[in-house]
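For reference, the structure is listed below as structure tokens.
Coordinate-derived values only; no laboratory data. The structure displayed is predicted, hence computed values, not measured ones. All Cβ positions, even for glycine, are placed from backbone atoms using ideal geometry, and neighbour counts span all protein chains on display.
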Amino acid sequence: MARIWIIVNAVWLLFLAVASGNPRLLPRQSLQDLAKVKGGIFVKNGNQTTCGLGFIDNKAAFVSADCLDYDGQTVKMSTNYEVYVDSAFTGSSEHYSVTNVTVHPSYNPQTRANNIAILEFNDNANVSWYNFNAIAPSKWSTLVYVQRYLTDVSTATW
């Protein structure tokens, strides 16, 4: 039940943010703004994937549900899921084991409907951060596309 509540809350907050017109969602206007945004890589069993992560904060991120391994309809937690986090332009890196996965309760692997999951990690964090998520592209002064890539997963080298 708690997992469903997390998904419902995340979707509700996103809806409220869009509906309010001026929430904690910021247009990214400069490289300095972009430098504050955390990004990362989703790693399975030590292998880098091409699955993008949408960080909520230092403890949770969105990922496509089809990036996960399943045993029937249950996420295979025997797979070693990890999240590698970087700070834009700094070269700093952290990585964490995923401790919990919540897949949208209506995810359909055949049609990819509701293809979203929340990864929980970094449960014992001493430092806190969150990402501002820009939703209104019409307010962006520039578009920047980023695909992060680890050159060496074992040393977390970007």
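Taking K and R as +1 and D and E as -1, what net charge do the other residues with C-beta under 13 Å from the C-beta of Y96 add up to?
-4
In straight Cα distance, which aspartates and glutamates are under 14 Å from K38, not counting same-chain residues fewer than 8 positions off?
Cα-Cα hits under 14 Å: D57, D86, E94.
Considering the zone a paramagnetic label at Q73 would reach in this model (a point 7 Å from Cα along the Cα-to-Cβ line), which residues of region 100-123 have amide N under 16 Å from it?
The answer is 102-116, whose backbone nitrogens lie closer than 16 Å to the label point.
Using a simple charge model, +1 on the beta-carbon of Lys and Arg, -1 on the beta-carbon of Asp and Glu, nothing else, what dipole does region 56-128 show about its Cα centre, in debye to the nearest 20?
Computed charge dipole of region 56-128: roughly 200 debye.
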